[in-house]
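To keep things clear, I will list the structure first and then write my remarks on it.
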Amino acid sequence: MTRDDLSDATLSDLRRFVLDHVRSPEELDVLLLLFRTPDAWCTAADVAARLYLSTESAGRALERLSGAFLDVRIEGQVRFRFSTRNSERERMTADWPTPTARTGPG
């Protein structure tokens, strides 16, 4: 999906969402990764490896997004997955385009 495939309203909603809820590029990357794989439970190390971040940076982003956009499960390790948690956020994310995977070096 390209920008040309999105309506002006959807682009405006995405822009507003990012400005209102995302504090860093790492948080945006983490949110989009987990949005793309909503059934997967991930640790900070899993996210760090997929996004080429440090485990600490991934952990900070996951902690910041938890509660509002992520479910948290503790089973020896803390795991996270995408969840909107309320109808307003569900509506906001319903029209999100499916992001493409970020690839690393090599």
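The values are calculated or read from the model by the stated rules, or taken from the named source; none is laboratory data. This one's a predicted model, so the numbers in the text were calculated from it and none came from an experiment. Cβ placement follows ideal geometry from the backbone for every residue including glycine, while neighbour counts extend to all protein chains displayed.
SER7 meets each of the listed conditions (1) at pLDDT 90 or above; (2) loosely packed, with under 11 Cβ neighbours inside 10 Å apart from (1). The set of residues in region 24-46 that are under 19 Å from SER83 (Cβ atoms), modelled with pLDDT of 85 or more and not in a helix (DSSP H, G or I) comprises THR37, ASP39, ALA40, TRP41, CYS42, THR43. Considering only residues that are assigned to a loop (DSSP other than H, G, I, E, B) and modelled with pLDDT of 90 or more, look in region 47-69 and name the one that is surrounded by the most Cβ atoms within 10 Å (Cβ to Cβ). My answer is LEU53.
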